[in-house]
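Trainee: I have a structure here, written as structure tokens, and I will follow up with some questions on it.
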Amino acid sequence: MQNFLNRILKVLASLFVFTFFVLTTTAAQSAIKIGGTRSFAIMAGSTITNTGSTVVYGDIGLFPGTSFTGSADIVHDGEVYLTDTDASQAKDALTEAYNDVAGRTPVTIIATELGGQTLLPGVYASESGTFEITGTMTLDAQGDPDAIFIFQMASTLVTAANSKVNLINKATSCEVYWQVGSSATVGTDSRFAGRIYASESITLNNKAEVLGQVLAMTGAVTLDDNVVSSQLCIASSVDDLPNTSDNLINQILLAGSLLMIGLSLLYLARDTYKKD
């Protein structure tokens, strides 16, 4: 009988360990609180400067600065908000989103150079406090369209000419976040994906394309014959709702089921022991 009880205890221990493993390894990031930034493709704090024929899909905002040069050469399908209430509210929302992204954990420390790497969903930073992209980096969502990728930088983000952010296995630019502590520079002829939240300024070099957002809190946004598109995310986003609600419910149900199985086995063992 004692051997039987020992086997039951071992089964219970295994169930609890498995439950803990499931809950800790499958938990994902909840949705970022993007708030009033949702509709903006471009936002700046001081100035917006454009050279060449830039195309923007989404709204353009500027606050508290007033200088928007080269606007006549920008083709866009959204609204332009210059130092008004809408721009002010969007700037407040950007500050909240920036702080949300900057505070996400747990953080995995990886190399400064992202080119050549394939990364899974998670929160990433580098020891240098900067990130660079030369060549192609790949983000693999492993079939989950709600998978979130976060890159935290204490200082700069710099991408080389002709670099690329490649999204695979249902990864989307809507769930890629770049929190930049100072300034971001996107290289000539590069193809970038995600929401850039920069504390200071953002520069898009000649013919760089961004599938996502270019949002600078205090400094300038500088454009040069670029394409910036946030339309995909505007159409599909649902603000402030957890991306992982279904996963969390499934995890709770799984844990509850395992616990009930364990309790049932323990109850059975107790009755068997009494009969003996």
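Trainee: Please list, ordered by chain and number, the residues whose modelled amide H lies under 5 Å from the amide H of Gln117; skip anything fewer than 5 residues away on the same chain.
Mentor: Result for Gln117 returns Thr138.
Trainee: Among 164-170, 224-230, how do they line up from the highest to the lowest mean number of other beta-carbon atoms within 10 Å?
Mentor: Top to bottom by mean Cβ count within 10 Å: 224-230, 164-170.
Trainee: Apply the a/c threshold of 1.5 to the C-alpha gyration tensor of the stretch 35-236 and tell me whether it is rounded, prolate or oblate.
Mentor: Prolate, because a/c is 1.5 or more and a/b exceeds b/c.
Trainee: List the relative contact order of the stretch 35-236 as a percent without decimals, with contacts defined as Cα pairs under 8 Å and 6+ residues apart.
Mentor: Averaging sequence separation for qualifying contacts and normalising by length gives 22 percent for the stretch 35-236.
Trainee: What net charge is computed for the residues neighbouring Ala87, neighbours being all others with C-beta under 13 Å from the C-beta of Ala87, Lys and Arg scored +1, Asp and Glu -1?
Mentor: Numbers: positive: Lys91; negative: Asp59, Glu79, Asp84, Asp86, Asp92.
Net charge in that neighbourhood comes out at -4.
Trainee: Turning to a different aspect of this structure: Starting at the first residue of the stretch 116-126, write each ³J(HN,Hα) from the Karplus equation 6.51 cos²θ - 1.76 cosθ + 1.60 with θ = phi - 60°, in whole Hz, x for Gly and Pro.
Mentor: Couplings: x, 9, 10, 10, 8, x, x, 10, 10, 8, 10 Hz.
Trainee: Starting from the Cα of Thr66, step 7 Å along the direction of its Cβ; do the same at Thr85; then give the gap between the two resulting points in nm.
Mentor: If labels sit at Thr66 and Thr85, their model points lie 2.0 nm apart.
Trainee: Another question, if that's okay. Length gain on complete extension for the stretch Asp77 to Leu119, per 0.36 nm per residue less the alpha carbon to alpha carbon distance?
Mentor: 11.8 nm
Trainee: Between the stretch 165-187 and the stretch 45-95, how far is it from one alpha carbon centroid to the other, in angstrom?
Mentor: 20
Trainee: Taking K and R as +1 and D and E as -1, what net charge do the other residues with C-beta under 15 Å from the C-beta of Ile133 add up to?
Mentor: With Lys, Arg at +1 and Asp, Glu at -1, the neighbours total -2.
Trainee: Measuring from label point to label point, each 7 Å out along Cα→Cβ, what is the Gln231 to Ala161 span in nm?
Mentor: My value for the distance between the label points is 3.0 nm.
Trainee: Related question: What FRET efficiency do you get for Lys170 and Thr108 if R0 is 30 Å and r is their Cβ-Cβ distance, rounded to the nearest 0.05?
Mentor: With a Förster radius of 30 Å, E is 0.90.
Trainee: Taking amide H atoms as placed 1.01 Å from N in the peptide plane, list the residues 5 or more away in sequence, or in a different chain, whose amide H sits under 5 Å from that of Ala208.
Mentor: Under 5 Å from the amide H of Ala208: Asp189, Ser190.
Trainee: Let me ask another. May I ask you to evaluate 6.51 cos²θ - 1.76 cosθ + 1.60, the Karplus curve with θ = phi - 60°, for each residue of the stretch 64-79 and list the ³J(HN,Hα) values in order in whole Hz, giving x for glycine and proline?
Mentor: In residue order, the calculated couplings are x, x, 10, 8, 10, 9, x, 5, 5, 9, 9, 9, 8, 10, x, 9 Hz.
Trainee: Report ³J(HN,Hα) in whole Hz for each residue of the stretch 154-171, in order, from the Karplus equation J = 6.51 cos²θ - 1.76 cosθ + 1.60 where θ = phi - 60°; Gly and Pro get x.
Mentor: Coupling constants for the stretch 154-171: 6, 10, 10, 10, 9, 10, 7, 4, 6, 6, 8, 9, 9, 9, 10, 6, 6, 5 Hz.
Trainee: What is the extension gain from Ser53 to Lys33, computed as 0.36 nm multiplied by their sequence separation minus the C-alpha to C-alpha distance, in nm to one decimal? Let's see the in-between values first.
Mentor: Details: separation 20, 0.36 × 20 = 7.20 nm, distance 3.22 nm.
Answer, rounded to one decimal: 4.0 nm.
Trainee: Non-local amide H neighbours of Gly61 (under 5 Å, H modeled in plane, Pro and chain starts lacking H): which ones?
Mentor: Sorted by chain and number, the residues that satisfy this are Ile42, Met43, Ala44, Tyr81.
Rule-based calculations on the coordinates, nothing more; no lab input. Just so it is clear, the structure is predicted and the values come from calculations on it, not from any experiment. Backbone-built Cβ (ideal geometry, glycine too); neighbour counts: all protein chains shown.
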